[in-house]
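The values are calculated or read from the model by the stated rules, or taken from the named source; none is laboratory data. Owing to the predicted nature of the structure, the values given are computational and were not obtained by experimental measurement. Cβ coordinates were reconstructed from backbone atoms using ideal geometry, including for glycine residues, and neighbour counts include every protein chain displayed.
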Amino acid sequence: MKETIETRELVVLERPDGIIRGTYHKACDEISVAHESSIDRDRVGLLFLTGLSATRAANGDSAVYWADAFAERGYPSIRLDLPGFGDSDGDPPTESLEFINAGRYASIVSVAIDELVARFNLSGIVIVGHCTGTVSAIYAAADSKECRGLILMDPLFYLPATKLSKFRRQLHTWVLRCHLDGLLTPIYDRSKELCLSIRGNRPPANANFPLLRCWKKLASIGLPILILKASGRKRAGTRSRIGEFDYIQHVVELAGRKGQVSVQVADGAHHSFANRPGRAAVRQHTEEWLSATFPLTGRKDSDADALHQDPVVVTK
């Protein structure tokens, strides 16, 4: 089954337990070429994995925007709905976070990557993950021989906290009602900072240690990785909030001397990266990273730059 429009194609991957559906965004030179065999295929494709229960369009159709933009630059892009979500068959896991954090999507994504590389004659795949999608991206990269790199937006290296007790919820509500958060938050942060200094540079107990080991295995052999961090409304820069364990610094250190990990801040971006500054920053940083890491042959930069429609967002 195949449905196409000028710039996109419906992707259908058959599995024993149902069908996975997605969208293939054709690279710019594919649109004007009648025969696929005439297209230069010495290039990677991008595979988007959204966070938690989001469909392949992602929040605010941001994944659609990025896939279109990167395809215009010459990088074919694929957006998939994982089983149980969007247009794909099946039911979502009962405990989605536990399922994702255990790496249960790795084999599904790995098999899909093999099929996509063969179907579209790619040299490999760069997996683009957001939030919990970064967990599946890391595990799938370790499980696939066709993964050439990772782009991770606000990667999640810790397990979700347990629900707050009734007392803590009431205390939190009382603090907000009395407008004491401005006074108590710095004190709370400093107490966490003290605990962090006592513990040293060791990850906290709720760290996803199997995921960190998987990360180290990938990053230490030099897999190209781009980490994009949302600056948020309250802070900018790559450093974590006072008292919080700095996972970004930790994973960069785990990569070691052979690591090829680049960290960029999407200035003005919210966690979803779906607001205008976030979308533009992801596009800018990703295109620069792709051009440097997986350069295309036979395409002039001036031609590619002419395709930009959004103003350039300067990020830190």
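Details
- Qualifying residue in the stretch 259-277 (condition: crowded, with 19+ Cβ neighbours inside 10 Å, within 14 Å of A141 (Cβ to Cβ), aromatic (F, W, Y) and modelled with pLDDT of 95 or more): no
- Any hit, the stretch 152-173, residues being modelled with pLDDT of 95 or more and outside any loop (DSSP other than H, G, I, E, B): yes
- Residue within the stretch 139-161 that is under 23 Å from Y247 (Cβ atoms), touching a His at 6+ places or on another chain (Cβ under 7 Å) and assigned by TED's automatic domain parsing to the domain that holds S62 present: yes
- Residue within the stretch 116-128 that is without any contact (Cβ under 8 Å) to a residue 24 or more places away in the chain, under 23 Å from C214 (Cβ atoms), surrounded by fewer than 21 Cβ atoms within 10 Å (Cβ to Cβ) and among the hydrophobic types (A, V, I, L, M, F, W, C) present: no
- Apart from one condition, W66 fits all of (1) crowded, with 24+ Cβ neighbours inside 10 Å; (2) part of a loop (DSSP other than H, G, I, E, B); the exception is (2).
- Members of the stretch 201-248 that are basic (K, R) and either modelled with pLDDT under 85 or within 24 Å of R276 (Cβ to Cβ) (or both): R202, K229, R233, K234, R235, R239, R241
- Taking the stretch 76-86 as the range and being of a type outside the set (A, V, I, L, M, F, W, C) and touching a Leu at 6+ places or on another chain (Cβ under 9 Å) as the test, the residues that pass are P76, S77, R79, G86.
- Residue in the stretch 187-199 that is among the small types (G, A, S), in the same structural domain as A106 (by TED's automatic domain parsing) and either assigned to a helix (DSSP H, G or I) or modelled with pLDDT of 95 or more (or both) present: no
- Hits in the stretch 69-114 - residues which are assigned to a helix (DSSP H, G or I), among the acidic types (D, E) and over 21 Å from N206 (Cβ atoms): E72, D114
- Any hit, the stretch 96-115, residues being modelled with pLDDT of 95 or more, more than 20 Å from the chain's Cα centre (by Cα) and either in the same structural domain as V282 (by TED's automatic domain parsing) or buried (at least 24 other Cβ atoms within 10 Å of the Cβ) (or both): yes
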